[in-house]
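Input: a single structure, listed below in structure tokens.
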Amino acid sequence: MKPRDIPNLITLFRLLLVPPVVWLLLNERFAMALILFGVAGFSDALDGYLAKRFNWASRLGALMDPLADKLLLVSCFVTLGWLGMIPLWLVALVVLRDLVIVAGAIVFHLRVERLEAEPSIVSKLNTFAQIMLVLAVIFSEGVHALAAPWLDILIVSVLVTTVWSGFDYVWTWGRRAWFKRGKTKQDS
């Protein structure tokens, strides 16, 4: 093992946290789930810092890091939806958006050119809103009940940013594919 492997090992650790977090949520051990969710968040910041600070970034890390983040977040959404703590329609919308983005990325990569992940600002805002909702629900259940208006505001925020970022990805990457494919046909 080399020092440059440390960010990828931290990301692997975050992937391994997903099953225990889901298990804790399903068993309504919300305070402990909140702690592990926080550890996962810290590990995400740490591996990103190390990769940038020491130039330990890698193609594997660039693929694994967002996968680990998304797997944790979607798993929490699905679990909290299953428990009736997040509306199922919102869970379905979040999962559908992610499936559309992944399917589009695969098609773009296979049919147009190698895909380099570029999260948009609205996508980062969506991820932030999703994290805040998960944290608020778990906190509300495990530590201190939050007032319903706060949760409602977060639900609406996730709804708006999920739809917005989904359309933004389809529009942005659809246009890139259209222009790249059109340029390729003109060049031949």
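The values are calculated or read from the model by the stated rules, or taken from the named source; none is laboratory data. Only a predicted model underlies this, so the values are computations on that prediction, with no experimental measurement involved. So basically every Cβ, Gly included, is an ideal-geometry build from the backbone, and we count neighbours across all protein chains shown.
Here is how the numbers come out for the structure above:
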item: First in segment 61-89 and within 20 Å of G142 (Cβ to Cβ), second anywhere and crowded, with 17+ Cβ neighbours inside 10 Å and not β-branched (V, I, T), Cβ under 6 Å, 6 or more apart; result: L72/A40; L73/Q130; T79/L25; I86/L80
item: Test: residue in segment 137-153 that is under 30 Å from L60 (Cα atoms), more than 13 Å from the chain's Cα centre (by Cα) and surrounded by fewer than 14 Cβ atoms within 10 Å (Cβ to Cβ); result: no
item: Single unsatisfied condition, W164 versus (1) crowded, with 17+ Cβ neighbours inside 10 Å; (2) modelled with pLDDT of 90 or more; (3) among the aromatic types (F, W, Y); result: (1)
item: Sole exception among (1) among the aliphatic types (A, V, I, L, M); (2) part of a helix (DSSP H, G or I); (3) touching a helix residue (DSSP H, G or I) at 6+ places or on another chain (Cβ under 6 Å) for L135, by number; result: (3)
item: Filter result (in contact (Cβ under 8 Å) with a residue 24 or more places away in the chain and assigned to a helix (DSSP H, G or I)) within segment 138-157; result: I138, F139, E141, G142, L154, I155, S157
item: Evaluation of E113 against (1) assigned to a helix (DSSP H, G or I); (2) in contact (Cβ under 8 Å) with a residue 12 or more places away in the chain (one fails), failing number; result: (1)
item: Residue, surrounded by the most Cβ atoms within 10 Å (Cβ to Cβ), within segment 105-127, restricted to residues that are modelled with pLDDT of 90 or more and farther than 18 Å from S75 by Cβ; result: S123
item: Any hit, segment 174-184, residues being closer than 24 Å to D44 by Cβ, surrounded by fewer than 13 Cβ atoms within 10 Å (Cβ to Cβ) and not polar (S, T, N, Q); result: no
